[in-house]
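I have placed the structure first, in the form of structure tokens, so that the comments after it can refer back to it.
The values are calculated or read from the model by the stated rules, or taken from the named source; none is laboratory data. Worth saying up front: this structure is predicted, and the values here are computed from it rather than measured. Backbone-built Cβ (ideal geometry, glycine too); neighbour counts: all protein chains shown. For accessibility, only protein heavy atoms count, side chains too; no ligands or nucleic acids. Shrake-Rupley method; radii C 1.70, N 1.55, O 1.52, S 1.80 Å.
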Amino acid sequence: MAPTPSTSLVAALALAMGLGARAFLPIPASVSSSRASVAPVAQSRWTTSSSRHLPAPVLRSTAESEAKAEATPAGETFEFQAEVSRVMDIIINSLYQDKDVFLRELISNAADACDKKRFLSLTDGNSADDLRVRISSDKEANTLTIEDAGVGMSKEELVNNLGRIAQSGTKKFMEALGEGAEDTNLIGQFGVGFYSGYLVADKMTVVSKAAGGPQWRWESQAGQSFSITDDELFGDHVPFEGSSGTRITLHLKEDCDEYTDEFKLRDMVKRYSSFITFPIELLAEKTDYVEEPDPEAPPPADGEAPKMKQVAKTSTAWEKVNAQRPIWLQKPKDVNASEYTDFYKSTFRAYDEPAAYTHFSLEGQVEFKALLYVPSVVPFELTRDMFSDSSKAVKLYVKRVFINDKFEELMPRWLTFVRGIVDSEDLPLNVGREILQKSKMLSVINKRLVRKSIDMFGDIQEKGEEEYMKFFDNFGKYLKVGMIEDKDNVDELAKLVRFFSTKSGKEMTGLQSYVENMKTNQTQIFYVTGDGKAAAARTPVLEKLKALDYEVLYMIEPLDELAITGIDQFDGKVLVDAAKSDLDDLLKVAEGLAGDEEAKAKKEAAAKDLDDVCEYLAGELKSKGVTKVTVSSFLTAAPSALVQGAYGMSPTMQRYMKAQAVASGQEDMLGEMGEMNKATLELNPSHPIVSRLKEMVALDQDADETRAFGNLVYDVAALSSGYTIEDPSEFAARVNSLMTGDGVPMPKPKKQPDVPVEAEVVETAAAPEAEAPSEAEPKA
């Protein structure tokens with residue numbers, strides 16, 4: 001049953017959108033050496049519709065019309081069916097995101113034609129013509145011409161290949177020969193790629209000649225019809241230099257005259273087709289300065305040479321544009337270090353030497369070749385934004401034709417700084433070759449690229465710590481982001497990160513070095529957070545660990561804490577935030593003090609002695625988020641410290657989260673975490689300040705002096721622990737009181753609440769007033 005128009009449209013759209021890179025088929029290794037045995041088959045396949053995909057569009061010839069016959073006696077005009085015209089409109093107006101890609105498509109098709117001709121010449125045992133692709137423009141006529149010396153097309157092939165959407169000459173050629181060879185790489189859906197020319201042109205003319213046949217001219221304005229005429233009938237007929245070829249002329253739209261600019265064309269060729277096998281030549285203007293006699297100069301004297309002047313002579317010449325070699329297609333052993341460096345600098349427009357590179361390939365179900373580089377300096381576009389959209393990390397090629405450099409699925413964002421090239425045989429691209437579709441193949445490529453990148457970082461690390469720190473200073477923050485976002489590789493990345501510590505001095509240390517230098521019975525890796533190295537070093541909780549000779553890592557920025565909390569343990573050692581309330585218990589176990597009855601009794605006695613102080617401060621500081629006040633046995637110099645619960649956020653992280661909330665307009669974001677952000681105030685029972693607070697609480701808990709002193713103890717603990725004072729003015733008032741020399745006076749003893757006793761005291765105090773007359777006697 002013949003399909004209805006709507007069914008045909010759906011089928012045509014499915015074909016146009018679904019074939020994609022499926023047309024990238026290998027050429028068989030064994031093919032008959034006789035062209036006669038190949039050509040007839042190819043001819044029959046090219047002129048036969050593919051019933052497996054789409055009913056061939058009806059091409060209605062109007063050559064029988066007498067009026068048309070008189071207008072174009074040697075030509076024919078064909079009309080597209082409405083469904084096919086609709087698909088063409090989608091291709092021209094919706095399929096491609098960037099108009100520049102039309103040149104990529106047309107050059108790719110031209111390279112296909114050259115590849116076919118070279119292959120067929122090998123089967124004949126003959127030498128092919130000088131295979132190349134030439135590009136020229138005419139600014140006055142506003143035209144752009146792409147010419148190749150490839151296999152060319154006969155009249156029937158022009159009808160079938162250019163008259164049907166997604167009808168690929170390359171695909172038909174490969175179907176005729178079969179599958180299985182690796183000798184030649186072809187790319188293309190000729191029909192779809194060809195019609196991308198209408199992105200910039202309102203009319204296209206194709207002149208083509210197959211070997212041994214006449215030269216035909218195909219013309220269409222992307223409307224309802226196209227015509228095919230014997231090219232020799234036209235006054236502007238130009239024969240091909242070789243035995244065959246194709247010349248495509250785009251009559252550019254008025255707003256697309258930029259594509260006649262030589263510099264624009266050169267840039268586009270270098271971007272998309274720099275690694276095409278065949279030479280791509282651009283007709284470029286060339287200016288030479290020659291010396292000629294100056295006609296305005298006075299006649300020379302006898303025996304003197306005439307006065308000369310320099311005159312600019314402008315000429316045109318064919319200039320080869322694609323001079324680069326795709327070195328990733330070579331075996332690594334055949335490429336030396338200087339070639340890798342030169343390729344890096346020229347391809348990525350870099351001025352630095354690469355810190356490392358890796359060249360590899362993957363074969364099997366997924367096949368691709370890749371070349372990755374690690375820059376030795378931060379790329380310019382990443383100096384302002386570490387995830388800048390303008391950063392073109394990895395370039396994706398298919399059969400040496402550039403496709404895109406913004407595939408987020410190809411490389412994770414934490415590897416934005418890595419530069420490289422990936423060239424695959426048959427990636428699942430959409431028909432426009434601009435969108436990489438998700439598939440298992442993509443996942444395999446992604447994992448291999450990440451694995452190889454991490455191996456490169458490891459290679460740099462093996463060169464020595466000094467060399468590695470140059471890399472880490474530039475890109476360490478990306479590795480920390482990887483620890484947060486890439487859970488599959490977090491253990492490997494943990495070996496690569498570096499932090500300052502209590503024992504590292506001005507240098508940084510890694511987790512592996514930390515573990516190697518741990519104490520004998522130590523089972524935890526300790527760290528503290530702070531806004532900078534100096535702030536972290538002043539954290540009171542470090543007193544506990546320094547006294548016991550533990551090394552402590554400094555997490556000096558929010559990214560450090562986010563990264564380190566992403567791993568539960570490293571090399572079997574648990575990572576512990578030293579500013580957590582359960583640290584005392586951990587240290588007792590580590591130091592073998594868990595069963596020390598004497599130490600236990602001592603702490604219980606201290607806690608009982610300060611029970612009133614702890615209860616008082618817990619009530620007084622409840623509004624400031626303090627839920628518990630305890631006695632610590634490990635504080636030595638500091639009177640107090642503010643710590644978080646096991647699941648609380650550090651002060652550094654709290655500030656970061658608040659800033660993020662304000663920036664995103666979600667200022668209540670911390671509300672859900674309020675219960676986890678309740679701090680514990682630890683007191684040093686042997687410190688004089690705590691002893692004085694104990695006396696003040698005993699004298700009068702309600703006195704302003706007691707309240708001010710208790711809040712000052714909290715403020716000092718908060719500041720030294722990295723927290724922010726919520727009421728700076730109140731804190732400043734208390735500090736000003738100390739600076740003026742008044743200090744914080746001890747409260748007066750609280751009066752007894754017995755009212756009768758107070759009355760009796762008043763009467764006694766008034767007794768001297770009765771003796772007043774006797775005191776006044778001297779005045780008399």
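Quick notes
- Flag for Arg247 being closer than 22 Å to Asp138 by Cα and over 39 Å from the mean Cα position of the chain (by Cα): yes
- The residues in segment 101-152 that are in a helix (DSSP H, G or I) and among the basic types (Lys, Arg) can be counted, and the count is 4.
- Whichever residue in segment 557-601 is modelled with pLDDT of 80 or more and among the charged types (D, E, K, R) and, among such residues, is most open to solvent (accessible area, probe 1.4 Å): Asp568
- Residue that is most open to solvent (accessible area, probe 1.4 Å) [pool: residues in segment 649-669 that are at pLDDT below 75 and touching a helix residue (DSSP H, G or I) at 6+ places or on another chain (Cβ under 6 Å)]: Glu667
- Sole exception among (1) in contact with a helix residue (DSSP H, G or I) (Cβ under 7 Å, 6 or more places away or on another chain); (2) at pLDDT 70 or above; (3) assigned to a helix (DSSP H, G or I) for Arg692, by number: (1)
- Any hit, segment 344-361, residues being in contact (Cβ under 8 Å) with a residue 24 or more places away in the chain, touching a strand residue (DSSP E or B) at 6+ places or on another chain (Cβ under 9 Å), closer than 22 Å to Phe417 by Cα and open to solvent by 80 Å² or more (accessible area, probe 1.4 Å): yes
- Residues being open to solvent by 10 Å² or more (accessible area, probe 1.4 Å), farther than 15 Å from Ala641 by Cβ and of a type outside the set (A, V, I, L, M, F, W, C) - total across segment 679-710: 11
- Odd one out for Asp236, checked against (1) in contact with an Asp or Glu (Cβ under 6 Å, 6 or more places away or on another chain); (2) in a loop (DSSP other than H, G, I, E, B): (1)
- Residue within segment 259-267 that is buried (at least 16 other Cβ atoms within 10 Å of the Cβ), farther than 24 Å from Val401 by Cα, of a type in the set (D, E, K, R) and at pLDDT 90 or above present: no
- Listed by first and then second residue, the pairs with beta-carbon distance under 7 Å, at least 6 apart or on different chains, first residue in segment 228-241 and under 17 Å from Gly213 (Cβ atoms) and crowded, with 16+ Cβ neighbours inside 10 Å, second modelled with pLDDT of 90 or more and of a type in the set (Val, Ile, Thr), are Asp231/Val207.
- The C-beta contact set for segment 688-705 (first residue within 17 Å of Gly619 (Cα to Cα), second residue of a type in the set (Val, Ile, Thr) and assigned to a helix (DSSP H, G or I), distance under 7 angstrom, 6+ apart or interchain) comprises Leu693/Val613; Leu693/Val713; Lys694/Val613; Met696/Thr706; Val697/Val613; Val697/Thr706; Asp700/Thr706.
- Which listed residue is open to solvent by 80 Å² or more (accessible area, probe 1.4 Å) and either of a type in the set (Val, Ile, Thr) or within 26 Å of Asp352 (Cα to Cα) (or both), from Glu466, Glu485: Glu466
- Within segment 203-233, if we keep just the residues that are more than 18 Å from Thr77 (Cβ to Cβ) and in a strand (DSSP E or B), the residue that is nearest to the chain's Cα centre (by Cα) turns out to be Lys209.
- Among the residues making up segment 118-145, a single one is in contact with a Ser or Thr (Cβ under 8 Å, 6 or more places away or on another chain), crowded, with 24+ Cβ neighbours inside 10 Å and either closer than 21 Å to Trp216 by Cβ or of a type in the set (Gly, Ala, Ser) (or both): Leu144.
- Residue that is most open to solvent (accessible area, probe 1.4 Å), among those in segment 514-536 that are in a helix (DSSP H, G or I) and within 14 Å of Gly572 (Cα to Cα): Glu516
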